[in-house]
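S.K.: One structure is given below, represented as structure tokens, and several questions about it will come after.
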Amino acid sequence: MKILLDECVPWPMRKMLVDHECSNPYKCGWSGVTNGDLLELAENEFELFITSDQNLRYQQNLEGRSIAILELSTNDLRRILNAESAVIEAVASINAGEYLQLEIPSS
């Protein structure tokens, strides 16, 4: 699966997603592009967008999107790595156009 990691998601997280092709806005030349425009661009090239922006669902109209969106409850790399199995399971189970919130435990 082609995955775009939002700028607010720690890039080292890609190491847990070894079965997938990961990129980020910087690598795509989209650094600083706002969320609405970023989602439009991402939909043409990626199947999944991973973010920790908790306001995305309130700021953007996500209805009718073909890209799946996984919202992590934190961008703390240590916490994300500790929840690796939950992240991998969420990525494996998410469907096109679905919006899924994943609560990452604090410890």
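Laboratory data are not the source of any read-out in this text; all were calculated from the coordinates shown. In this text the structure is predicted, and so the values were computed from the model without any measurement. No Cβ is skipped: glycine too gets one built from the backbone with ideal geometry, and neighbour counts run over all protein chains shown.
S.K.: In region 83-99, which residues are surrounded by 16 or more Cβ atoms within 10 Å (Cβ to Cβ) and among the hydrophobic types (A, V, I, L, M, F, W, C)?
M.R.: Hits for region 83-99 are Ala83, Val87, Ala90, Val91, Ile94.
S.K.: Among the residues of region 10-57, what is the count of those that are without any contact (Cβ under 8 Å) to a residue 60 or more places away in the chain, part of a loop (DSSP other than H, G, I, E, B) and either farther than 12 Å from Ile69 by Cα or among the acidic types (Asp, Glu) (or both)?
M.R.: Taking region 10-57 first, the residues without any contact (Cβ under 8 Å) to a residue 60 or more places away in the chain are 11, 14-15, 18-19, 21-57.
Remaining after also requiring part of a loop (DSSP other than H, G, I, E, B): 18-19, 24, 29-34, 46-47, 52-55.
Within this subset, residues satisfying the condition of being either farther than 12 Å from Ile69 by Cα or among the acidic types (Asp, Glu) (or both) are 18-19, 24, 29-34, 47, 53, 55.
Count: 12.
S.K.: Among the listed residues Ser93, Ser66, Ser73, identify the single one that is in contact with a helix residue (DSSP H, G or I) (Cβ under 6 Å, 6 or more places away or on another chain) and of a type in the set (S, T, N, Q).
M.R.: One residue alone meets the criteria, Ser66.
S.K.: Hey, another quick one. Select from region 58-72 the residues that are closer than 15 Å to Cys8 by Cα and not β-branched (Val, Ile, Thr) and write down the one among them that is surrounded by the fewest Cβ atoms within 10 Å (Cβ to Cβ). Steps first, please.
M.R.: Step one: of region 58-72, the residues closer than 15 Å to Cys8 by Cα are 69-72.
Among the residues that remain, those that are also not β-branched (Val, Ile, Thr) are: 70-72.
On the way: Leu70: 22, Glu71: 20, Leu72: 28.
Here the residue is Glu71.
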